[in-house]
Amino acid sequence: MNILIAILVLGGIAALFGALLGYASVRFYVEGDPIVEQLDALLPQTQCGQCGYPGCKPYAEAIANGEAINKCAPGGEDAIKKIADLLGVDVLPLDENHEQNNDDTSNLPKVAFVIEEDCIGCTKCIQACPVDAILGAAKQMHTILIDECTGCDLCVAPCPVDCIEMRPTPETIHNWQWDLHKIAVKQIG
Amino acid sequence: MKSIIERIKNSKFWHFHGGIHPPEQKQLTTSKPIKHLPLPKQLIIPLQQHIGSQGDLLVKVGDNVLKGQALTQSSTPMAVPIHASTSGVIRAIKKSVIAHPSGLSELCLFIDVDGKDTWQERKTCLDYTQLSHQEIITKISDAGIAGMGGAGFPTHIKVNTKADIDFLIINAAECEPYITADDLLMQEESESIVDGIKILDHILKPTYILIGIEDNKPQAIKALQKATESIEKITVCVLPTKYPTGGEKQLIKILTGKEVTSGSLPIQSGIVVQNIATCFAINDAITNGTPLIKRVVTLTGQALAKPQNLWVLLGTPVNYLLEQTAFINESTSSNDNCSTDSLVTNLPVANPPVIMGGPLMGFSISNELVPIVKTSNCILAPSKTEMPSAFDNNSNEMECIRCGQCSDVCPSQLLPQELQWSAKAKDHQQLTKLNLFDCIDCGACAYVCPSQIPLVQYYRIAKAEIRQQQQLDMKAEKAKARFEARKLRLEKEKVAREEKHKKAAAARKAAMSKKNADGGTASSAVAAALARVKAKKAQNKVSDELRVASCEQTNNESSESRVTNSKTRRDTSNVSSEDEKSQVKAAIARAKAKRLAKANANIKESDEIRVTSNEQIIQKKETDNTASDKKARIAAAVAKAKAKAREKTKKRQETLTVPSNETQEQPDNSKPNSETK
């Protein structure tokens, strides 16, 4: 008899909590995956596809599903660190396969540049650009919208005449960085 | 409000937190009048001289320009034009080093001075009260006036406000050591300055006008008091000397006791602050029609034999000014690299330091071709004994000892020590939390730091980094939006394409079924005709002597026609290329009918050689696709050959029926093949 009461009581509790959980899962249903949004916000949004995914959002989704966090070359160590912080995993060095070539200019922000006299107007780069930063039409010279270009490199390969090259963004007083070692101002005193 | 005024009347002011008392060093230049310089040979006028954007060029290389002529026009409200400081010829428009701590090059106009100093026509205005509010604003804007105190905010934006202004504060504090440009301007041009203040009063209509001036400028105070005697509204407030009293927020705090909260503007508290030199420029622009083409610059420092305040045309290169004030070059290296266009970054080693701006907030200039712009108020050339740290390129920075002196002197009540840790760790979030952007770059913390940590430089770097990060974030956001938009567009295009294809397919299908309806009946009619022909032929054959064989043939042929019929039926059900097929079939049927007719004729001609003719039919069928004459020739050849073999065949006539069947079947089998052709 006692056993029966115990079973009934525990069964009742189990049913109650089951119902509660069931209700909560319906009532507090989370639309989408918030972690994906957060990850997407940490990625540099160059949409370059160097990670092997077609854009930053798909890679964010992949990370959320357990993909390695060290495949974003444009984001570099900073992005990896932030993602590691967010997910509570260890910081990994940038995957070698996804690392950009290590010459000293590789870390500079770059934009694509169309060598205009060589352009044949094939529109292949336009189709490759993930952010519609290339302007042109068939058999018309193409040009890059420098303010929209994310420097993702994707237009370089499709060009049949190799007329696109990546150039470092010129340093102006707007994007100039103070360099502590070069600051000559020490006139305090 | 009343209490504020009472306090001010009693010379009781508020205090801002912190502040320092560095050696003033103003005596070097304060007693000498402002000197007018002979015209330099060349002027270098940067297109952008203030915060905001640069205007559009109005002149081209080779143009003659008159003094005061506008060289750019503003395309946005945040831009003010620049003007030719004297008459001459535009020699070049190219990039040159500008007055910026980065030592980077920006677009500049090079004017070869013709020495005549010819003015363009100027419109003087004796009574500004006749002008409307908007006319005055336009005049200020057209004269290219931007705040001359430091940041260079376009003045016409600052004064074009609809808000009720309680206080117009004129900033005459000039709190930074060495600089006396405003001091001298007040001593010599107090009347013009007060006229300028009156114009501001006219457009802003403030309740009170306060002139904040430090008590280390007794002559200027006297001059201003004399000039403002008759005006009730204006109060000259003599403030105790303390750096940085001249900071906008600090001055407001001292004079009114009001705190301008983080992130808000003084205008939101009903306060407008204008620099005293700006007031002079406004008067010049409205009354004399003179755009902002010159300013007072303090040339000071012990490396100059004749330190003095100078009236300098905007665009004058610094080396000309140093020449005029007898710059003593202490350094062993000569000045020859002033002609190099390249960026000289380690300047203190190569050259004696020349600082643009004051000793606390200024920056070393990397090239002596740097021109004077609207915001340059001081050129400081210190000697080695005066400012040894400026000559020393090695950092003497030591570890922070947490003495807390920096936070004692911070006028913005920040925590410089905490900021320093975060700045070194590049913890931008923490820096923002610690209100880094309320830092006014005054340098008081670095001044008092016993460990000689260049605190303010760390903050400047951090601020620039955060700003850049914000820009990158914005760009990333934009890229994301564009990426999403592109994806959406591609998706839409794909759907549209599919839709189009579907529609086209449906249209084709409709057209086809219509054609099928026609084509189907046509083909069946053909088939029926074919059957009729075959039936006739079969009848002919029936009438032939060789009944058995012909009967069999009829069977074959009827089966053939059945096949054709069924084929046509099948074809009718087939949707694609139906009409084509039916046409081919019709053609084949026609050819067959012809052949059969011929064969019949042959049979009629010679019943004996029926078998031969049968074989001929086979041959004809085989050579169906060849040209008709060729066919005929072959047929003839075959007929000859068959005629030869006729006797033989006759002998084997009984047995021949079977092979003839076989041969008859062959074309049946080959028929579908030819049909499919």
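Values as computed for the structure displayed
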read-out	value
21 Å Cα-Cα threshold exceeded, pairs from A:71/B:494; B:514/B:585; A:71/B:433; B:41/B:95; B:2/B:253	A:71/B:494; A:71/B:433
Inter-chain shielding of B:385-391 (mean C-beta neighbours from other protein chains, 10 Å cut-off)	3
Order of B:487, B:123, B:374, B:41 - criterion: other Cβ atoms within 10 Å of each residue's Cβ, fewest first	B:123, B:41, B:487, B:374
Histogram of C-alpha separations across region B:395-453, 5 Å bin width, %	4, 21, 30, 25, 18, 2
Under-5 Å amide H pairs with residue B:98, H placed in peptide plane, nonlocal only	B:104, B:106
Estimated FRET transfer efficiency when R0 is 25 angstrom, pair residue B:438-residue A:35 (beta carbons, to 0.05)	0.15
Nearest-0.05 FRET efficiency for residue A:25 and residue B:202, computed from C-beta distance (R0 51 Å)	0.15
Spin-label pair residue B:484/residue A:67, simplified geometry with 7 Å Cα→Cβ offset, distance in nm	1.9 nm
Mean-position separation - Cα centroids, region B:452-504 and region B:361-412, in angstrom	39 Å
Exercise: per-residue mean of other protein chain Cβ atoms within 10 Å, A:44-51	4
Extension reserve of the residue B:9-residue B:536 stretch, reckoned as 0.36 nm per residue once the Cα distance is removed	176.3 nm
Euclidean distance between Cα centres, region B:32-46 to region A:149-172, Å	46 Å
Burial ordering of A:28, B:153, B:327, fewest other beta-carbon atoms within 10 Å first	A:28, B:153, B:327
For residue B:304, distant residues with modelled amide H under 5 Å away	B:328
Residues whose placed amide H lies under 5 Å from that of residue B:294, excluding near-sequence neighbours	B:314
Normalised per residue, the volume of the convex hull around the Cα set of region A:110-168 (Å³)	63 Å³
Förster radius 60 Å - calculated FRET efficiency between residue A:6 and residue B:499 (Cβ-Cβ, nearest 0.05)	0.40
Sequence of B:167, B:437 once ranked by neighbouring C-beta atoms within 10 Å, starting from the fewest	B:437, B:167
Entries of A:82/A:110; B:205/B:242; B:158/B:374; B:198/B:226 with Cα pairs more than 21 Å apart	A:82/A:110; B:205/B:242
Local electrostatic count at residue B:419 - Lys and Arg +1, Asp and Glu -1, tallied over other residues with Cβ under 15 Å	0
Cβ neighbours within 10 Å from other chains - mean over B:456-465	3
Estimated vicinal HN-Hα couplings, Hz - region B:103-112 in sequence order (Karplus 6.51, -1.76, 1.60; Gly, Pro = x)	x, 7, 9, 9, 5, 9, 9, 9, 10, 7
Length gained when the stretch residue B:241-residue B:127 is fully extended (0.36 nm per residue, less Cα-Cα span)	37.3 nm
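Bear in mind these aren't lab numbers, they're just calculated from the coordinates by the rules spelled out. Just so it is clear, the structure is predicted and the values come from calculations on it, not from any experiment. Ideal geometry is used to build each Cβ from the backbone, glycine not excepted, and the neighbour counts take in all protein chains shown.
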